[in-house]
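A short reminder: the numbers here are calculations on the coordinates, not readings from a lab. Model, not experiment: these values are computed from the prediction. Backbone-built Cβ (ideal geometry, glycine too); neighbour counts: all protein chains shown.
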Amino acid sequence: MSDVSAPIRTRFAPSPTGFLHIGGARTALFCLLAARSTGGEFVLRIEDTDRERSTEASVQAILDGLAWLGLEYDEGPFYQSQRLARYREVAEQLLQAGLAYHCYCSRERLDELRAAAMAAGEKPRYDGRCRDRVEVPEGVEPVLRFRNPQSGTVVFEDRVRGRIEVANSELDDLVILRGDGTPTYNFAVVVDDLDMAINLVIRGDDHINNTPRQINLYRALGAEPPQFAHVPMILGDDGQRLSKRHGAVGVMAWREQGYLPDAMINYLARLGWSHGDQEVFARPELVESFRIEDVNRKASRFDTDKLKWLNQHYLRAGDRDQALRELAWHMERAGLNPAAGPDLSGLLDVQAERFDSLVELVEQSRPFYADFDDFDQAAARKHLRPVADQPLQALAERLAAVGDWSPESLQAELQATADALGIGFGKIGMPLRVALMGHGQSPAIHHTLWLVGRERSLARIERARNFIAERVANA
Ligand code: GLU
């Protein structure tokens, strides 16, 4: 067993058959934290030997997802598809040493074996017919099988799950090279983890049944296996395994829904890992506090409300540059030009605390960057009435003259207008809000004025007064 306190050298090894999903992103994060917290390294390896299912687009989606989350690897990406010669070389070594053998069994025979095992209620396993075969059938492209030990027990101490024991009698002789010479997952992963000097494998516990087979392969290669940490799966809010049914599972879909990378990272870290009852962790704190042993053994449940809560926190109090960068990205997606309105920094100051998603924040900020078509009918009927005309006019005069277009002086002008007319603040606030936004929701009214800007505010007040005049004319 390797030393537990040694720097961890680990890897994230996604198969590029889809997006970087939430579970994968969390595994990558745990890999990064395990490596950084021990002064070790984190390697990225793309497991693309399945040529049918692997796509360029998926590779790119994974790289993009990692980059967006800020999960920087120290080495890689390595591609298994570029290491095929190496897998063949190691397979040849096993063959020469008598630790692997050619298997000529036909697909039909293997299917029959499987069907018979299923019918008998047993686990399907290869019966070893080719183990000691001497005569070689003509014209059959053999696969290469590993000669798995037939007795004894594989034991390992999983750093999340604890001690795991599997009898070799449970395991069969697994295929390591297919007929076309490409390696199978279990074989390539062992060759790679050895060549890349990985000392801790962190991965989803859907791989836990593969681990004893892999340990046997390490031993056959005369190597000490790495340590393993199998992390439990993620369930949806309803307790079922997280899937497309639950909405966005791809990391970039969360970006599209308005979440910040730091909020996602904080959320994913706490999804199945804890450190006391602390909820909010800056990245350096995560590195400081993380220990792989503190990952829960039990599956964790996705909790969208908690993610929203964290997102709100990071919008308000997190890394400003990150929030501004994401805000600009969402503005563009919404077809809004940041140059056509207040600068994004001011917008964020005012709006961050009102929303937990950037999508909503941007949608509700639209009137600061573009004109709206029509007044919301109900709001206009209620607030753009003849009594509002005089306050709007008086305010417009003051706004035209105000020297310093700041929230403070705008607040003072609003107060002065209300005082001069002897009316309450509300008598001016609501009509003004509808005039400026087209509807009744906005930040505090002096902030709204500030964000809409002088020229637009004056034009919109005029438009509201025209609406009132028309209403009077049509009455
Ligand atoms: N390529 C495997 C997967 O995406 C990961 C295997 C591993 O980490 O060993 O599930």
Two pseudo-spin positions, 7 Å from Cα along C-beta at Asp50 and at Tyr79, lie apart in nanometres by 1.8 nm
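Excluding Ile198 itself, calculate the net charge of residues whose Cβ lies under 13 Å from the Cβ of Ile198, where each Lys or Arg counts +1 and each Asp or Glu counts -1.
Around Ile198, the surrounding residues sum to -3.
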Give the lysines whose C-alpha is closer than 16 Å to that of Lys306, dropping any in the same chain fewer than 8 places away, or say none.
none
For Ala223 and Val155, calculate 0.36 nm times their separation in residues minus their Cα-Cα distance, and state this gained length in nm to one decimal.
22.9 nm
So the FRET efficiency between Gln93 and Glu138, C-beta based with R0 = 30 Å and rounded to 0.05, is 0.65
Filtering the chain for DSSP H helices with an axial alpha carbon extent of at least 27 Å and a Kyte-Doolittle mean of at least -1.0 returns 454-474
Which of the lysines could be linked to Lys123 by a straight reach, that is with a Cα gap under 28 Å, when you skip same-chain ones fewer than 8 residues away?
Lys298
Part-to-part distance (alpha-carbon centres) for the stretch 163-181 and the stretch 245-261, which is given in Å
37 Å
Rg/Rh for the stretch 1-156 to two decimals, with Rh computed the Kirkwood way over all alpha-carbon pairs.
1.06
7 Å from Cα along Cα→Cβ at both Asp319 and Arg301: what's the point-to-point distance in nm?
3.2 nm
Coil-residue trypsin sites (Lys or Arg not before Pro) of the stretch 1-87, DSSP, other Cβ within 10 Å capped at 10
Arg51
Starting from one equal scatterer on each C-alpha and no solvent at all, send me the Debye-based log10 I(q)/I(0) for the stretch 274-328 at q = 0.21 Å⁻¹, two decimals.
-0.98
List the cysteines in the chain whose Cβ has no other cysteine Cβ under 4.7 Å from it.
Cys31, Cys105
Provide, in order from the shortest bin, the percent of all Cα-Cα pairs of the chain in each 10 Å bin, continuing until the bin that contains the maximum pair distance.
4, 16, 21, 18, 13, 10, 8, 6, 4, 1, 0
GluC sites (Glu not before Pro) restricted to DSSP loop in the stretch 60-121 with at most 14 other C-beta within 10 Å:
Glu72
Nonlocal amide H pairs with Arg9, under 5 Å, H built at 1.01 Å:
Glu41, Asn199, Leu200
Using only the alpha-carbon atoms of the stretch 1-84 as identical scatterers, what base-10 log of I(q)/I(0) does the Debye formula give at q = 0.10, 0.22 Å⁻¹?
-0.25, -1.00
Packing-based order for 265-276, 451-462, using average beta carbon neighbours within 10 Å, highest first
265-276, 451-462
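Summing -39500 (n - 2.57) over the DSSP H runs of n ≥ 4 in the chain and dividing by its residue number, what mean residue ellipticity at 222 nm do you reach, to the nearest 500 deg cm²/dmol?
-14500 deg cm²/dmol
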How much length is gained if the chain between Arg129 and Ala115 is pulled fully straight, taking 0.36 nm per residue apart and subtracting their Cα-Cα distance, in nm to one decimal?
3.4 nm
Have a look at the DSSP beta bridges in the chain and tell me what percent are antiparallel, nearest 5.
55 percent
